[in-house]
Structure formats: structure tokens, C-alpha cells
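Rule-based calculations on the coordinates, nothing more; no lab input. Predicted, not measured: the structure shown is a model, and the values here were computed from it. Quick reminder, even Gly has a Cβ in these numbers, built from the backbone with ideal geometry, and neighbours come from all protein chains shown.
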Amino acid sequence: MATEKVRAFFTFGDEAKANLHMKFAERRVKEIESLAERGRNIPESVLNVMREETERAIDLVEWNESLKRELVAKLIGLTSNQKVMLARLTEKVPPNAKSRLQEALKRSEDAYRRLENLRIIPPRNSYQPAGLGASRAIERANSQYFTP
């Protein structure tokens, strides 16, 4: 994970960084699945890194309108996969590991809802009249009622 931090530091541009954070989050998903399949303990640190990488990608997309259109669907897929995997594993792990996975599942669900909201919220400062016809109608109304 240390090499991932170095790689993220030397990655430039919001889109490249968001894609890199998604890639790291996907690695943690595979790592968690692999540990569970082998009956190994899933460290809380791995669950936290998965969440942090996902949130970093969401943060980048949230503040960049051009990325929002391109990457929200990809992030929704990532968080959906996280939810499915965590729900499935929660049923298989020993009782002492359940609470960590349930907390990780809740956080993945929160991230998923956050992305769903991003998909339906119009971009900031995006109000535009219904078209040129609307602008002309407003001008005409103003000239009829507010002539000197």
C-alpha cells in the first residue's frame, strides 16, 4: 500500500487520480475476497483503505463536473460490487468479524447513495432558460410592461 501512495502522489489530473483510486479500491475488494475464501481474518485496515480510496475517487468526481458525467456510473458499479461482496461475506465470516464487515457494508451503502444523488443533481450554475423562445418571450413581456 505504500507504493500505492507514492503512485497516487505522482499521478496528475483529477480523472487520472479518480481512476487510480478506483483501481486501488478494486484491489482491496479482491484482497478481501481472497482472504475470506481462505478463511483468513480480514484486517480492519484493509476495509478502511477500501473505503478511503472509494471516497477519494468520489470526492474528485463530486467537484469536477466533466468527470461526473464520465465516472459516476463507474463508481456506482464499484460501490455496488463492494456492497454485494460485503453482504455475501458477512454471512460467511465468524461472529467476531461480522461487525467489521457490517460497518464496511454500511459505509459502502452510504457511498452508493452519495453517488446516486450525484447522478440526479444538476450541475452547479446550470440554470438555463428553456430555449431562445423563452428568452424572446421574456424580452417581449418586459418591453410591453416596462416601456419608458
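Farthest towards the positive end of the charge dipole of the range 2-124, among the residues SER99, GLN82, ASN48, is the Cα of SER99, using unit charges on the Cβ of Lys, Arg, Asp and Glu.
One way to sum up the overall shape of the range 27-117 is the equivalent ellipsoid from its Cα gyration tensor, whose semi-axes run 26, 11, 10 Å, largest first. For the range 2-124, a crude dipole built from +1 on the beta carbon of Lys and Arg and -1 on the beta carbon of Asp and Glu, taken about the Cα centre, is about 220 debye to the nearest 20. When peptides 35-41, 56-62, 67-73 are sorted by average Cβ neighbour count within 10 Å, with the highest value leading, the order is 56-62, 67-73, 35-41. For LYS23, a cut-off of 18 angstrom between C-alpha atoms picks up these lysines, skipping any fewer than 8 places away in its own chain: LYS5, LYS68, LYS74, LYS83.
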